[in-house]
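**Student:** Got a structure for you, written out below as structure tokens; questions coming shortly.
The values are calculated or read from the model by the stated rules, or taken from the named source; none is laboratory data. Just so you know, these numbers come straight off a predicted model, no measurement behind them. Heads up, the Cβs are rebuilt from the backbone with ideal geometry, glycines too, and the neighbour counts pull from every protein chain shown. To get the accessible areas, we keep the full protein, side chains included, count just its heavy atoms, and leave off ligands, DNA and RNA. Shrake-Rupley method; radii C 1.70, N 1.55, O 1.52, S 1.80 Å.
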Amino acid sequence: MLVRILFIFLSLRCFALQAQDLDWVKAVANDTSSNIPVMHVTPDGGVLTLVNSYYFVRNDTTDFSRGNNRLEKFNRNGDKIWSLPLSSEYAAAVYDFCVDAEGNVYFTGTFRKEMQLAGQIFTTDSSADFVAKLNADYELVWLRKSHGLYYNGLGIMPQGKVVLKGSTREKEITLEDADKSATFKTEYARNYNFTAYDLDGKLLWSKFYGGDDIGYYAGSWYTKVTKNGIYELCSWTGTIDLETGPGKTFLRNSERSSDNYYLSSYDENGDFLWVKTIQKDTTSYTGEITRIMLDADLEGNVFLAGTFYGKVDFDFTTKIFAIDKRNRNAFLENHYFICKYDKDLNLDWAKATNSSIQNSTFRFRLRIHSNGKSIYLYGVYWPGLDLDFNNPSFKLLPGSNHFFAEYDMEGNLLTARNLGEKNEYSGHSVLWNLETDKHNNVYLSGSIYNSLYFDFDPSEDSAYLPNNINNQIAYLARYQTCKKPIKIIPQYQTTDCHERLTTLYALNDHFPVRWYSETGKLLHEGITYTLPQINSPTKITAEDGCNYRDEIEIEIQNRWPNIQKIYPNPVKGNLTINIEGVQDDALNFQLINTLGQVIQSGKLTVKNGFQNVILPVDDIREGMYFLVLQNKCIRQTEKIFIVK
């Protein structure tokens, strides 16, 4: 029990000290305008990306932009292993994609007139959006077109549904099914939609909500598909009906200001559940929310993060103003905040930075990601910004660069790292995405424009990507979560037969730990290793993904009663049995002749430690016999010759 407590304590201690070290950074596109707007880590440890590149084409006397839009797969080391371009003489693009636990890829996009995809040709009269599935070998399984409905995102529910978010101003739309098409009519001038297919491409349902008097932002902000249903975070003006069924739930904003936000929830069938708005104090002091991001993890937690000033209520249930940051210059000074809620949007905690962002243009550059173990904020870092909600003195390196910071599930800062310009020449860069794998390794995607000295590892030896003036690079980077040093902790267990089993624990649960023998043979992969029975001391080495090693020596594992020697043989008079006992115990014996008859039997008393036990045989006839020694843990037979 003491070892287990020590193990848990050290594990937590190491977790708090972890840091992400740069593993690699690579340029994956190098064109006039390149970016990676979507990225996901795949179950095999690779990275799947949506790469956009744009170039200019001269047609007669007209210059126009044509996109090179493709899905690309990279392995754990950042090497490209697969690419799926969308080819069209007119226009074709992917908007969004996601990956399920088996490695299947679901993606949505659009094309005009004709598109070539994975060796197949798809046509439409004018233009169409689509949703498609690739299997784990990146072969096209199915594709379903939509006419009049424009998709802008999708997600996978554990219940086996692919849910798409779309919008339309058409009065009638058509969706393809496996063997037919379905037509739906809309109600409002501006309509928003959830559509669900099963994993085999069968249309399950399509539901709409909307309004006639809606500002630009309504229904088009952030949508998160989870096991609990669908969450939407939107800024809106005007009046919107959020019901996807026959009822009416109107939400009105008469301020005509786009800094009013609502968060709505829909169940797994797209039916409306509830809507809640973020309140601002407009009585004694003007408050404003300048940007919010939404995320939800697999555990059902909901997170909001962004920037604000003034007095804002982030508790939707109690209407208590949870955070109050009043600045002298409200327009120019904004604070980062982060809030954690349960699935029903009950506030767990809300925290804000103690220093403000001194430039209004940077208030739009914050994103959030949670994997159920950690929370990550990432975006633009402004000089002097405090990233630790509990420690006002914490600062990163100076300079307006990118950053990513890791927090535990209570909002306590664990690590933070910045990257960006170190020299006097300044370009422009965007950190698009941050994803983590099951070991908490961090993957970044973004773009760098007009920047010659963008450093991805300022705290170490520096790592730059070659670039040119007036050129844009799309990049991928991997930061490895290392714990220094790896430490082996043994835990012992004694069986009913007094056998000692040893289980080794490696204090590093973020990497595939490998266990090696003295000769370098790979014994096992995993956080724990239970040793087999060994008859002599041996050394075991553990190595983690950061190439840190620890070694431990394990003594003999066989701890049951061990018969060392039986002598003399042939015997005359008394037979001596040399035995190692593990505690006071009894050992049954039988002396059996060659006909299988038991000539003598009884119990021998065995004490802990090495000893000689005497068995008299002077009354037994001369000849060959079998001596059987046994109890519930051992059985041993020896051939004995008795002489006179």
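**Student:** Which pairs do you get when a residue that is without any contact (Cβ under 8 Å) to a residue 40 or more places away in the chain and over 15 Å from Ala128 (Cβ atoms), found in region 168-188, comes within reach of a residue that is in a strand (DSSP E or B) and open to solvent by 80 Å² or more (accessible area, probe 1.4 Å), reach meaning Cβ atoms under 8 angstrom, with the pair 6+ apart or on two chains?
**Tutor:** From region 168-188, the pairs are Lys171/Lys185; Phe184/Glu172; Lys185/Glu172; Thr186/Glu172.
**Student:** Name the residues in region 618-638 that are open to solvent by 60 Å² or more (accessible area, probe 1.4 Å), in contact (Cβ under 8 Å) with a residue 40 or more places away in the chain and within 18 Å of Pro568 (Cβ to Cβ), would you?
**Tutor:** Asp618, Glu638
**Student:** Restricting the search to region 123-139, which residues are open to solvent by less than 30 Å² (accessible area, probe 1.4 Å) and under 20 Å from Val162 (Cβ atoms)?
**Tutor:** Passing the criteria: Ala128, Asp129, Phe130, Val131, Ala132, Lys133, Leu134.
**Student:** Could you list, in sequence order, all residues of region 47-82 that are within 16 Å of Pro37 (Cβ to Cβ), touching an Asp or Glu at 6+ places or on another chain (Cβ under 6 Å) and either modelled with pLDDT of 90 or more or open to solvent by 40 Å² or more (accessible area, probe 1.4 Å) (or both)?
**Tutor:** Thr49 - this is the single residue of region 47-82 that is within 16 Å of Pro37 (Cβ to Cβ), touching an Asp or Glu at 6+ places or on another chain (Cβ under 6 Å) and either modelled with pLDDT of 90 or more or open to solvent by 40 Å² or more (accessible area, probe 1.4 Å) (or both).
**Student:** Further, regarding this structure: If Asn228 passes every condition in (1) at pLDDT below 80; (2) under 25 Å from Asp313 (Cβ atoms) but one, which one does it miss?
**Tutor:** Asn228 satisfies all of (1) at pLDDT below 80; (2) under 25 Å from Asp313 (Cβ atoms) except (1).
**Student:** Could we say that Asn390 is more than 30 Å from His428 (Cβ to Cβ), open to solvent by 30 Å² or more (accessible area, probe 1.4 Å), in contact with a Ser or Thr (Cβ under 7 Å, 6 or more places away or on another chain) and at pLDDT 60 or above here? It would help to see each step written out before you state the result.
**Tutor:** On the way: more than 30 Å from His428 (Cβ to Cβ): yes; open to solvent by 30 Å² or more (accessible area, probe 1.4 Å): yes; in contact with a Ser or Thr (Cβ under 7 Å, 6 or more places away or on another chain): no; at pLDDT 60 or above: yes.
Here the answer is no, as Asn390 does not meet what is asked.
**Student:** Pairs only if they're at least six apart or on different chains, beta carbon under 6 angstrom, first in region 113-137 and closer than 18 Å to Gly148 by Cβ, second open to solvent by 40 Å² or more (accessible area, probe 1.4 Å) and of a type outside the set (Lys, Arg); list them, first residue then second.
**Tutor:** Lys113/Tyr90; Thr123/Glu114; Ala128/His147; Asp129/Tyr150
**Student:** Condition first: in contact with a Pro (Cβ under 7 Å, 6 or more places away or on another chain) and not basic (Lys, Arg). Can you find one or more residues in region 601-611 that meet it?
**Tutor:** yes
**Student:** Taking region 179-221 as the search range and keeping residues that are part of a strand (DSSP E or B), of a type in the set (A, V, I, L, M) and open to solvent by 10 Å² or more (accessible area, probe 1.4 Å), which one is modelled with the lowest pLDDT?
**Tutor:** In the first step, residues of region 179-221 are kept if they are part of a strand (DSSP E or B); the result is 181-185, 190-198, 203-214.
Filter once more, so that each one left must be of a type in the set (A, V, I, L, M): 182, 196, 203-204, 214.
Next, only the ones that are open to solvent by 10 Å² or more (accessible area, probe 1.4 Å) stay: 182, 203-204, 214.
On the way: Ala182: 94, Leu203: 96, Leu204: 96, Ile214: 69.
Of everything passing the filter in region 179-221, Ile214 is modelled with the lowest pLDDT.
**Student:** Look through Ile469, Ile486, Ile473 and report the one residue that is farther than 30 Å from Ala586 by Cβ, at pLDDT below 80 and buried (at least 17 other Cβ atoms within 10 Å of the Cβ). So that I can check it myself, show each step before the final result.
**Tutor:** Values: Ile469 fails: buried (at least 17 other Cβ atoms within 10 Å of the Cβ); Ile473 fails: at pLDDT below 80.
Going through Ile469, Ile486, Ile473 in turn, just one is farther than 30 Å from Ala586 by Cβ, at pLDDT below 80 and buried (at least 17 other Cβ atoms within 10 Å of the Cβ): Ile486.
**Student:** Another question, then. Is it the case, given these coordinates, that Ser167 is of a type in the set (Gly, Ala, Ser), under 25 Å from Val105 (Cβ atoms) and open to solvent by 50 Å² or more (accessible area, probe 1.4 Å)?
**Tutor:** no
So that you can scan it fast, the table gives a plain yes or no per residue for (1) modelled with pLDDT under 60; (2) touching a Lys or Arg at 6+ places or on another chain (Cβ under 7 Å):
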position	(1), (2)
Tyr261	no, no
Asn269	no, no
Asp281	yes, yes
Phe314	no, no
Ala322	yes, no
Lys325	yes, no
Asn354	no, no
Arg367	no, no
Ser370	no, no
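**Student:** Could I ask something else about it? I'm trying to understand the selection: among the residues of region 66-101, which are β-branched (Val, Ile, Thr) and under 27 Å from Pro158 (Cα atoms)?
**Tutor:** The answer is Val94, Val99.
**Student:** Also, I was wondering about something else. Kindly evaluate Lys133 against the criterion of being under 26 Å from Trp205 (Cβ atoms) and among the charged types (D, E, K, R).
**Tutor:** Taking the combined requirement at face value, the residue satisfies it.
**Student:** Residues being at pLDDT below 80 and either open to solvent by 70 Å² or more (accessible area, probe 1.4 Å) or among the acidic types (Asp, Glu) (or both): count how many of those fall in region 534-543.
**Tutor:** Of the residues in region 534-543, 1 are at pLDDT below 80 and either open to solvent by 70 Å² or more (accessible area, probe 1.4 Å) or among the acidic types (Asp, Glu) (or both).
**Student:** Let me ask something additional. Under 9 Å between Cβ atoms, which residue pairs at least 6 apart in sequence (or on different chains) link something in region 357-376 that is at negative phi and of a type in the set (A, V, I, L, M) with a partner that is open to solvent by less than 50 Å² (accessible area, probe 1.4 Å) and modelled with pLDDT under 50?
**Tutor:** From residues that are at negative phi and of a type in the set (A, V, I, L, M), the pairs are Ile357/Arg363.
**Student:** Also: I'd like the residue in region 607-617 that is at pLDDT below 90 and open to solvent by 40 Å² or more (accessible area, probe 1.4 Å) and, out of all such residues, is nearest to Phe589 (Cα to Cα).
**Tutor:** That would be Lys607.
**Student:** Output the number of the condition that Thr519 fails; it satisfies all remaining conditions of (1) outside any loop (DSSP other than H, G, I, E, B); (2) modelled with pLDDT of 75 or more.
**Tutor:** Answer for Thr519: the failing condition is (1).
**Student:** Please verify whether Thr495 is modelled with pLDDT under 80 and in contact with a Pro (Cβ under 6 Å, 6 or more places away or on another chain), treating the condition exactly as stated.
**Tutor:** No; evaluated as a whole, the condition is false for this residue.
**Student:** Between a first residue in region 580-607 that is touching a residue at least 24 places away in the same chain (Cβ under 8 Å) and assigned to a strand (DSSP E or B) and a second residue that is among the acidic types (Asp, Glu) and surrounded by 16 or more Cβ atoms within 10 Å (Cβ to Cβ), which pairs have beta carbons less than 6 Å apart while being 6 or more apart in sequence or on different chains?
**Tutor:** Val606/Asp585
**Student:** Also, I was wondering about something else. Looking only at residues that are farther than 30 Å from Asn588 by Cα, part of a strand (DSSP E or B) and modelled with pLDDT under 85 in region 544-564, which one is most open to solvent (accessible area, probe 1.4 Å)?
**Tutor:** My answer is Arg549.
**Student:** Continuing with the same structure: Just a yes or no: is a residue in region 15-23 of a type in the set (D, E, K, R) and modelled with pLDDT of 50 or more?
**Tutor:** yes
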